[in-house]
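Engineer: Here it is, the structure in full.
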There are 2 protein chains.
Amino acid sequence: MSTAITLAAAADAERVLALMARYHEEAQLPHDDTHRATVAGPLLDGSPLGAIWLIGPSRAPLGYVMVTFGWSMPHGGLIGWLEEVFIRPSVRGRGIGTEVLHAVTVNLQRADLRAMHVFLPSDDAGLVRFCTRTGFRAVRTPTLMTDPL
Amino acid sequence: MSTAITLAAAADAERVLALMARYHEEAQLPHDDTHRATVAGPLLDGSPLGAIWLIGPSRAPLGYVMVTFGWSMPHGGLIGWLEEVFIRPSVRGRGIGTEVLHAVTVNLQRADLRAMHVFLPSDDAGLVRFCTRTGFRAVRTPTLMTDPL
């Protein structure tokens, strides 16, 4: 492991939010600054519902990983959702993502995480390959229903 | 609303676990008493990762609802997962489930829940109908991948 990861805290908010804005723009997600601050803020403040790690030097990070947490009867306790991963375009293709996801997973196993899930767009073969390389396996996808409150 | 719901706490553990055992037996889920206590215990003790409600008189409950919580960038904050619903066979078919899910949803909206999700076995049309009646809509299901740690 040559790329350090650091759990982001409130003091890192500006750097985290700047990277998130770049990711959301690249991924064409509609979130604005207020939305990002509302969601990331509690995680940077230590909410038990998720965590954000900065990749590389925390003063000049190369990217970030955002994991949210859940609780599962089938898995017998704490689970994680890989919610966002972003690596600056200039340092892509060097295996940093794979390395960093492995490090996050090792950290979370120590915190007794039972499983990590990820939702992927069904047609994104590149992302499926990336996740397979880091230990994810496709599972028979059940029907997902949502009640938008 | 004629059927009361009560947030279950540590003092309700025995009643909750007995109902869960009946549900898991009926649904042919492999969980044993230890597994159930491990998962339900923290929620009864006030974990922010989920909640269990008893249906009807809390001394002689008719069933329970278990919701786990999550945190979501797309939804902008707190989300819920409808994890388990059980109603005693002798009082089924009276609309209690629909009524109770509505009450749980109203409660959680007050706690600023943004959306409730549920995973259903794709072939269970009865469950899909039940969830549709209570406000859930099928969404285009993405690919789900899991890293079993």
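Engineer: Looking only at the range B:138-149, filter to residues that are modelled with pLDDT of 90 or more and touching a helix residue (DSSP H, G or I) at 6+ places or on another chain (Cβ under 9 Å); which one of those is nearest to B:Pro74 (Cα to Cα)?
Structural biologist: Selected residue: B:Met145.
Engineer: From the list A:Glu84, A:Glu99, which one is among the acidic types (Asp, Glu) and either in contact with a strand residue (DSSP E or B) (Cβ under 6 Å, 6 or more places away or on another chain) or within 23 Å of A:Glu14 (Cα to Cα) (or both)? It would help to see each step written out before you state the result.
Structural biologist: Numbers: A:Glu99 fails: either in contact with a strand residue (DSSP E or B) (Cβ under 6 Å, 6 or more places away or on another chain) or within 23 Å of A:Glu14 (Cα to Cα) (or both).
When all the criteria are applied, what remains is A:Glu84.
Engineer: Here's a follow-up. Given (1) touching a residue at least 24 places away in the same chain (Cβ under 8 Å); (2) farther than 13 Å from B:Val67 by Cβ, where does B:Met145 come up short, assuming only one miss?
Structural biologist: (1)
Engineer: Pairs please, first residue from the range A:87-109 and on the phi < 0 side of the Ramachandran plot, second anywhere and of a type in the set (Asp, Glu) and surrounded by 12 or more Cβ atoms within 10 Å (Cβ to Cβ), Cβ atoms under 7 Å, 6+ apart in sequence or on different chains.
Structural biologist: That search, which allows pairs on different chains as well, returns A:Thr105/B:Asp147.
Engineer: Restricting attention to the range A:37-47, report how many residues are at the interface with chain B (Cβ under 10 Å from one of its Cβ atoms) and buried (at least 18 other Cβ atoms within 10 Å of the Cβ).
Structural biologist: Qualifying residue count for the region: 3.
Engineer: Is there a residue being touching a Pro at 6+ places or on another chain (Cβ under 6 Å) and farther than 25 Å from B:Leu127 by Cα anywhere in the range B:72-83?
Structural biologist: Quick first cut of the range B:72-83, residues touching a Pro at 6+ places or on another chain (Cβ under 6 Å) only: none.
No; the residues of the range B:72-83 include none that is touching a Pro at 6+ places or on another chain (Cβ under 6 Å) and farther than 25 Å from B:Leu127 by Cα.
Engineer: Scan the strands (runs of 3 or more DSSP E) fully inside the range A:48-149 and keep the ones with 1 or more residues being over 15 Å from the mean Cα position of the chain (by Cα) and at the interface with chain B (Cβ under 7 Å from one of its Cβ atoms). Walk me through it before giving the result.
Structural biologist: On the way: elements: A:50-55, A:63-72, A:77-87, A:115-120, A:143-148.
Result: A:63-72, A:77-87, A:143-148.
Engineer: Among the residues of the range A:89-101, is there at least one that is surrounded by fewer than 17 Cβ atoms within 10 Å (Cβ to Cβ), within 27 Å of A:Gln28 (Cα to Cα) and aliphatic (A, V, I, L, M)? Break it down into steps so the answer makes sense when it comes.
Structural biologist: If we filter the range A:89-101 for residues that are surrounded by fewer than 17 Cβ atoms within 10 Å (Cβ to Cβ), which is where we start, we get A:89-95, A:98-99.
Now drop any that are not within 27 Å of A:Gln28 (Cα to Cα), which leaves A:89-95, A:98-99.
With the extra rule that they be aliphatic (A, V, I, L, M), the set shrinks to A:91.
Yes: one or more hits.
Engineer: Somewhere in the range A:28-36, is a residue buried (at least 20 other Cβ atoms within 10 Å of the Cβ) and facing another protein chain (nearest Cβ under 10 Å)? Lay out the reasoning, then the answer.
Structural biologist: Taking the range A:28-36 first, the residues buried (at least 20 other Cβ atoms within 10 Å of the Cβ) are A:36.
If we keep only those that are facing another protein chain (nearest Cβ under 10 Å) as well, we get A:36.
Looking for residues that are buried (at least 20 other Cβ atoms within 10 Å of the Cβ) and facing another protein chain (nearest Cβ under 10 Å), one finds at least one in the range A:28-36, hence yes.
The values are calculated or read from the model by the stated rules, or taken from the named source; none is laboratory data. This structure is a prediction, so every number in the text was calculated from the model and none was measured. Cβ coordinates were reconstructed from backbone atoms using ideal geometry, including for glycine residues, and neighbour counts include every protein chain displayed.
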